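Bear in mind that the values in this text are calculations on the coordinates, not laboratory data. Quick caveat, the model's predicted, so the values are computed rather than measured. Here the Cβ positions follow ideal geometry from the backbone for every residue, glycine too, while neighbour counts run over all protein chains shown.
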Amino acid sequence: MDFIGAVAIAVLLWVGRNEIGHGAMKEGVFFAFIVALFKMYDPVRRFGIYYNNFQQAAGASAAIFDFMDDQDEVVEAKHPKRSRDSKIRSRWKTSASVMRKASVKDRLWCCTTST
């Protein structure tokens, strides 16, 4: 878009030079025309940027909706049975009780040392 604008400005300057040289247009009229053209070019350029952003957002939302519409590969049981394995709970209770008995100095050392 910027390349097309640069070419258009060069062509308009060339045409304006010829028109002013032949007396068909005065310098003030040509200058006013160029200023009005520059003021019109910026909103048109921004419109292209907004359209590009809109297209990117539409593509991203389509990808998100496709992801959300996918079915899960793992099917959950209708009536799951409870596990009788209590090792996980006992490990948590053990580590939590150890941290409760530790002093503040031990807790800080535990959290700041790297392994």
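Pairing each residue of segment 40-64 that is closer than 25 Å to D2 by Cα with any residue that is among the hydroxyl-bearing types (S, T, Y), provided the two are 6+ apart or on different chains, yields no C-beta distance under 7 Å. Say we look at segment 22-59 and pick out the residues that are closer than 24 Å to L12 by Cα and of a type in the set (F, W, Y); which of these is surrounded by the most Cβ atoms within 10 Å (Cβ to Cβ)? Result: F30.
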